[in-house]
Amino acid sequence: MKFFKNKLAVTVVVLSVAFLSLIAYSIKRENKSIVENGVGVALNPVQKVFYNINDGIRDFIDFALNFSQVKKENEELRAKNNELESKAIEYDSLKNENNRLREMLDFKNQRLDYDYKGCHIINKSGEGIIDGYTIDKGKKDGLKVGMVVITSKGLVGQVTSVSKDWSIVQTLLNENIGVHALVESTRETTGIVKGFKDSNNRMLAKVYYLPIESQIKEGDVILTSGLGRFYPKEIKIGKVIAVEEDKGKVSKNALIEPYVDFNKLEELFVVIPKDNNNSDEVKY
């Protein structure tokens with residue numbers, strides 16, 4: 001390779017000297033014969049071609065001699081770009097986490113009659129989100145069966161099993177979980193929310209047993225009613241996307257889209273009553 005570079009360099013130098021000598025000689029001669037002028041005109045295109053070839057060879061040699069430096073700079077730029085991309089991803093992640101925690105803090109400030117234990121999902125319980133999640137908090141953290149689990153967006157479900165270091169949370173989507181509902185616009189509290197899968201396999205929920213004369217409509221907000229012994233009052237559940245009458249036309253049902261995206265759960269919070277007693281199950 002070194003020999004090749006030297007040979008090219010010598011060729012360029014020889015050609016350059018020859019052409020420069022020819023040009024200098026032509027300029028010094030003041031009187032050119034017609035033949036010489038003709039030869040000059042004839043040689044000009046040829047000289048132009050050789051000049052272009054000369055420039056191309058010189059550029060190629062410059063590129064060859066500087067290739068390793070260019071490659072090194074390219075690798076450094078690629079590494080810098082990867083670093084900036086990683087920092088951007090990290091920044092977005094921290095920003096999103098900060099927004100979620102700020103929303104949760106706002107929720108907590110509105111519900112000062114409860115404590116909130118933060119936790120993370122460590123596994124799915126069963127084959128999917130319908131079967132619930134395993135969280136990283138248990139009896140040693142004060143958790144009990146029946147405690148409600150939320151995010152800043154709304155209701156997730158409830159704790160159904162507790163061990164020393166972990167617990168199982170069944171979600172709102174599970175048909176075995178029934179939540180007493182409150183229709184925010186009508187203040188009706190007769191409905192029960194259960195998980196529901198539509199014809200497109202979307203994981204939704206449905207409010208059953210509303211009065212046939214109910215004025216519930218699309219866009220209404222569904223909250224927990226506070227009835228029963230599990231759920232505090234007025235935790236957001238979801239938004240009504242369709243209303244239907246049952247087959248006997250004695251009640252209405254409302255299809256709702258939960259506010260919580262169960263495929264994107266990260267930080268969870270267990271709601272703990274401040275007057276928590278010593279029983280193994282919690283009552284709100």
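The single condition among (1) at pLDDT below 90; (2) not in a strand (DSSP E or B) that VAL260 does not meet is (1). Of the residues GLY138, GLY118, GLY226, GLY191, the single one that is crowded, with 22+ Cβ neighbours inside 10 Å and in contact (Cβ under 8 Å) with a residue 24 or more places away in the chain is GLY191. Does SER125 count as touching a helix residue (DSSP H, G or I) at 6+ places or on another chain (Cβ under 6 Å) and either hydrophobic (A, V, I, L, M, F, W, C) or farther than 23 Å from VAL240 by Cβ (or both)? Yes. When the criteria are applied in full, GLU245 fails the requirement of being under 35 Å from the mean Cα position of the chain (by Cα), among the acidic types (Asp, Glu) and surrounded by fewer than 15 Cβ atoms within 10 Å (Cβ to Cβ). Here GLY126 clears all of (1) modelled with pLDDT under 90; (2) touching a His at 6+ places or on another chain (Cβ under 6 Å) except the condition numbered (2).
The test for being in contact with a helix residue (DSSP H, G or I) (Cβ under 8 Å, 6 or more places away or on another chain) and part of a strand (DSSP E or B) holds for PHE269.
Whenever a residue of region 231-244 is in contact (Cβ under 8 Å) with a residue 60 or more places away in the chain, its partners that are charged (D, E, K, R), lying with C-beta atoms within less than 9 angstrom and at least six residues away or across chains, give the pairs PRO232/ARG111; PRO232/ASP113; ILE235/ARG111; LYS236/LYS153; GLY238/GLU257. Under 19 Å from ASP261 (Cβ atoms), aliphatic (A, V, I, L, M) and either under 24 Å from the mean Cα position of the chain (by Cα) or surrounded by 19 or more Cβ atoms within 10 Å (Cβ to Cβ) (or both), is that true of LEU155? Considered against the rule, which asks whether it is under 19 Å from ASP261 (Cβ atoms), aliphatic (A, V, I, L, M) and either under 24 Å from the mean Cα position of the chain (by Cα) or surrounded by 19 or more Cβ atoms within 10 Å (Cβ to Cβ) (or both), LEU155 comes out as yes.
The values are calculated or read from the model by the stated rules, or taken from the named source; none is laboratory data. Everything numeric in this text was worked out from a predicted model, so none of it was measured. Every residue, glycine among them, receives a Cβ derived from its backbone with ideal geometry; neighbour counts consider all protein chains shown.
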